[in-house]
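A short write-up of the structure that comes next.
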Amino acid sequence: MLLSEIGDKEIVDLTKGSRHGSFWDAELIFDGKTGKIESLTAPGFELSWDSIVKIGEDLIIFRS
């Protein structure tokens, strides 16, 4: 999956059942030492990589 494809996906919180829009202009934040993805960010929103449950065709599902 390309980072540019993430912007089209709807973001849904599995715990609260709430929708949070989509990730236009998304960026990945990496740990400089390990190269591990730490979070996915967009203007006004940051999502910890560990909280993501599933990245599907149309949705990014996370647990708050």
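For segment 1-62, applying the loop criterion from DSSP together with a ceiling of 15 other beta carbons within 10 Å to the trypsin sites (Lys or Arg not before Pro) yields Lys16, Lys33, Lys36. At the residue level, Ser18 shows approximately 30 square angstrom of accessible surface with a 1.4 angstrom probe and all protein chains present. With all protein chains kept in place, the per residue accessible area of the chain amounts to 69 square angstrom at a probe of 1.4 angstrom.
Note on the chain: with neighbouring protein chains present and a 1.4 Å probe, carbon and sulfur make up 52 percent of its accessible heavy-atom surface.
For the chain, a simple Cβ point-charge model (Lys and Arg +1, Asp and Glu -1, everything else neutral) yields a dipole of about 260 debye relative to the Cα centre.
Across segment 39-64, the residues whose backbone nitrogen lies under 16 Å from the label position 7 Å along the beta-carbon direction of Ser18 are 44-48, 61-64. Here, the chain is characterised by an Rg to Rh ratio of 0.95, where Rg is the alpha-carbon radius of gyration and Rh the Kirkwood radius. Rolling a 1.4 Å probe across all protein chains gives Thr34 an accessible area of roughly 100 Å².
The values are calculated or read from the model by the stated rules, or taken from the named source; none is laboratory data. Worth saying up front: this structure is predicted, and the values here are computed from it rather than measured. Here the Cβ is made from the backbone with ideal geometry for all residues, glycine too, and neighbour counts use every protein chain on show. In case anyone asks, the SASA skips ligands and DNA or RNA and just uses the protein heavy atoms, side chains included. Shrake-Rupley method; radii C 1.70, N 1.55, O 1.52, S 1.80 Å.
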